[in-house]
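Since the structure comes first, as structure tokens, the remarks are kept for the end.
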Amino acid sequence: MIFTPVTFKNITLPGRMIRSATEFFAADEKGHIPQTELDAYKVLGHQPLGMIITAHTCISPEGWSNRHQNAAWSEDYLEECTVLAQNAKAGGVPAVMQLGHGGERGKNNNGGLPVYTPDTMTAAEIRYLTESFGRAAKLAKDAGFDGIMLHAAHGYLLSQCFYPGSNHRTDAYGGTAEKRFRIIREAALEVKKTCGDTFPVFMKINGDDHADTEEYHRDLVTALNIADECGIEAAEISGNWPSRGPEYTEPYFIGNIRRLVNETDLPLIEVGGIRTRAHMEAVLEAGAKAFSLSRPLICDPELPEKFRDGKEDTVIPCLSCGKCFRPMDLTKKHRCAQFE
Ligand SMILES: Cc1cc2nc3c(=O)[nH]c(=O)nc-3n(C[C@H](O)[C@H](O)[C@H](O)COP(=O)(O)O)c2cc1C
């Protein structure tokens, strides 16, 4: 099952093991991608993965999430994004670029440009935001990517728009789950308008809120069903606390997936905490159509072929220590603290 293809609306993945979006936090001050990052995809691109999702990439100059983020808001980034896509796709694995806006995270990172928040965005800013998603997606498409992923998880702007705790609007973009999801829907539709109806759009979204409440679960079901209607391929289910420590020994969102599959037809992808073959099989049995790995592939980028080659005792050496969650030291060969 792990290495059998899966077809969504407009794309077939050759297998179910996905590389989840993973930043290197090492771009220069203009958001240009370092050679080390481009080279890393040469290794991943030859692995038997179902799909590669490249790093969270900033869609507009005020939308930085951190000072070392990759950017894709103008033709200035086309050449390096083309190399990125070529390297990621070198072995025939589809690649999608994750696009996002940092919202409030721009405050200390965007050089004094306006800071976007769910409550203060004007109608013109909302339009500009969705157009920026469309523009960056077109750049990704022109660079050779097979699709994009909207980053609507982890407290960035799209995610904040969806949470009632950070969106207090009383107009068409606030209130009910449908209205709080409207910006994400408009961003998806704008990408389709700019890149064509069949251009694959994925979405990463939190499976829980701070307390894993029933209210949030119901809101999420509404959101996933709208996403399905507007042509989103699949939702990667993450959460408020996405990269946990070694004390978490089960796939983090398997319980959420188990419930959600009964309430939506949108294909779901589990991300977080997958460390054994049994975990992979369990999330697929729970109803996820695929699963993704981040830190395990930082630790050992050749894990997919080790699993494919059938060694039942293959172990993922990642300790979930989280030390990779920092700007990559470009003078070092390996990014995992175990191998420094
Ligand atoms: C170094 C690092 C960078 C990450 N960058 C991103 C990112 O760009 N976009 C994103 O959605 N999640 C990002 N994440 C979160 C992962 O995609 C994933 O959701 C999380 O780490 C859980 O998966 P894991 O247990 O396999 O690491 C990052 C995680 C790490 C450790």
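Derivation of every value follows stated rules applied to the coordinates shown; laboratory data play no part. Because the structure is a prediction, the values reported are computed rather than measured. Virtual Cβ from ideal backbone geometry, glycine too; neighbours counted across all protein chains shown.
State yes or no: is W73 closer than 25 Å to R185 by Cβ, among the aromatic types (F, W, Y) and away from the ligand (no atom under 16 Å from the Cβ)? Considered against the rule, which asks whether it is closer than 25 Å to R185 by Cβ, among the aromatic types (F, W, Y) and away from the ligand (no atom under 16 Å from the Cβ), W73 comes out as yes. If you check every pair at least six apart or on different chains, which have Cβ atoms under 6 Å apart with a residue in the stretch 285-305 that is touching a residue at least 12 places away in the same chain (Cβ under 8 Å) first and a residue that is small (G, A, S) second? Matching pairs, first to second residue: A290/G50; S292/S20; S294/S20. Here is the figure for the stretch 306-340: residues that are surrounded by 13 or more Cβ atoms within 10 Å (Cβ to Cβ) and charged (D, E, K, R) total 4.
Just to verify a result, which residue in the stretch 189-203, among those that are among the β-branched types (V, I, T) and over 21 Å from S294 (Cβ atoms), is surrounded by the fewest Cβ atoms within 10 Å (Cβ to Cβ)?
T198
Could you list, in sequence order, the residues of the stretch 219-260 that are of a type outside the set (A, V, I, L, M) and touching a helix residue (DSSP H, G or I) at 6+ places or on another chain (Cβ under 8 Å)? Matches in the stretch 219-260: D219, T222, C230, G231, G239, S243, E250, P251, N256, R259.
Within the stretch 16-50, if we keep just the residues that are among the basic types (K, R) and assigned to a loop (DSSP other than H, G, I, E, B), the residue that is farthest from the ligand (Cβ to nearest atom) turns out to be K30. All of N240, N256, N206, N262 fail the test of being surrounded by 17 or more Cβ atoms within 10 Å (Cβ to Cβ) and away from the ligand (no atom under 12 Å from the Cβ), apart from N256.
Of all residues in the stretch 118-134, those satisfying the criterion of being surrounded by fewer than 18 Cβ atoms within 10 Å (Cβ to Cβ) and either of a type outside the set (F, W, Y) or without any contact (Cβ under 8 Å) to a residue 24 or more places away in the chain (or both) are D119, T120, T122, A123, A124, E125, R127, E131. Counting only helices (runs of 4 or more DSSP H) that sit completely within the stretch 267-340, those holding 3 or more residues that are aliphatic (A, V, I, L, M) and more than 9 Å from the ligand (Cβ to nearest atom) correspond to 277-285. The residues in the stretch 5-15 that are assigned to a loop (DSSP other than H, G, I, E, B) and surrounded by 23 or more Cβ atoms within 10 Å (Cβ to Cβ) can be counted, and the count is 0.
Any residue at all in the stretch 82-89 that is within 13 Å of the ligand (Cβ to nearest atom), in a loop (DSSP other than H, G, I, E, B) and more than 15 Å from the chain's Cα centre (by Cα)?
The answer is no, given that none of the residues of the stretch 82-89 is within 13 Å of the ligand (Cβ to nearest atom), in a loop (DSSP other than H, G, I, E, B) and more than 15 Å from the chain's Cα centre (by Cα).
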